[in-house]
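Asks: Handing you a structure now.
The values are calculated or read from the model by the stated rules, or taken from the named source; none is laboratory data. No experiment lies behind these values; they were computed from the predicted model shown. Cβ placement follows ideal geometry from the backbone for every residue including glycine, while neighbour counts extend to all protein chains displayed.
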Ligand SMILES: [Zn+2]
């Protein structure tokens, strides 16, 4: 991954130098003081402390490297979302071609999502569970809508995240792909994803991320 430049900026709260490995990273959680920093041209802008995430069983961990169907990736960050019935984690993966994806694990199934560009305006009021709506050039059948909140995070995040930020999460499917949308205060993020077989993921032996 030599083609990707790592930059170093100082935590806006404690001043610790933080390495930013992806050009797509918009926020970074300081591992020393847990402050979430938004990345601005002038430096890091502290947004408050992010809660520590309790560990759950996962093949992913910050700093770990692996391969998906032979394509190398490393794990740069994780976000935990809470909703009425519990929580889910998103792992931010950087692939060797620079592409950022995110992986979720739920009930023993891993799904890998990539960002979609929004090609036309979306009428959010028209989105209802059980309806098919045009989104980013696709006809998306909506299966779930829920209110969610950021419960915690670590590492590099490619959203502008604040601790306890509120969002609306939409899920659906289109043409055999899963579609996930997050409506933040001002921004709508759309991702499409596909289930990944665990047998297609090979993780390298764990390394100490702080060495
Ligand atoms: Zn800090």
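Asks: Looking at 42, 64, can you tell me which residue is touching a residue at least 24 places away in the same chain (Cβ under 8 Å) and more than 16 Å from the ligand (Cβ to nearest atom)?
Replies: Only one candidate passes the filter, namely 64.
Asks: Taking only region 72-109 into account, find how many residues are surrounded by fewer than 13 Cβ atoms within 10 Å (Cβ to Cβ) and touching a strand residue (DSSP E or B) at 6+ places or on another chain (Cβ under 7 Å).
Replies: Total meeting the criteria: 3.
Asks: For the subset of region 5-25 comprising residues that are in a strand (DSSP E or B), within 14 Å of the ligand (Cβ to nearest atom) and free of Cβ contacts under 8 Å to residues at least 60 places away in the same chain, which member is surrounded by the fewest Cβ atoms within 10 Å (Cβ to Cβ)?
Replies: By that ranking, first place goes to 8.
Asks: Among the candidates 53, 59, 28, which residue alone is within 17 Å of the chain's Cα centre (by Cα) and within 16 Å of the ligand (Cβ to nearest atom)?
Replies: One residue alone meets the criteria, 28.
Asks: Okay, moving on. For the list (1) over 19 Å from residue 61 (Cα atoms); (2) modelled with pLDDT of 95 or more; (3) surrounded by 19 or more Cβ atoms within 10 Å (Cβ to Cβ), I need the number of the one condition that residue 143 fails.
Replies: (3)
Asks: Okay, moving on. Kindly provide the set of residues from region 35-62 that are surrounded by fewer than 16 Cβ atoms within 10 Å (Cβ to Cβ) and in a loop (DSSP other than H, G, I, E, B), ordered by number.
Replies: Within region 35-62, 41, 42, 51, 52, 54, 55, 56, 57, 58, 59 meet the criteria.
Asks: Here are some conditions: (1) in the same structural domain as residue 88 (by TED's automatic domain parsing); (2) at pLDDT 90 or above. Residue 203 meets all but one. Which one does it not meet?
Replies: So residue 203 meets the others, but not (1).
Asks: Same structure, new question: Within region 126-138, can you find the residues that are out of contact with any strand residue (DSSP E or B) (no Cβ under 6 Å at 6 or more places or on another chain) and closer than 17 Å to residue 182 by Cβ?
Replies: Across region 126-138, the qualifying residue is only 135.
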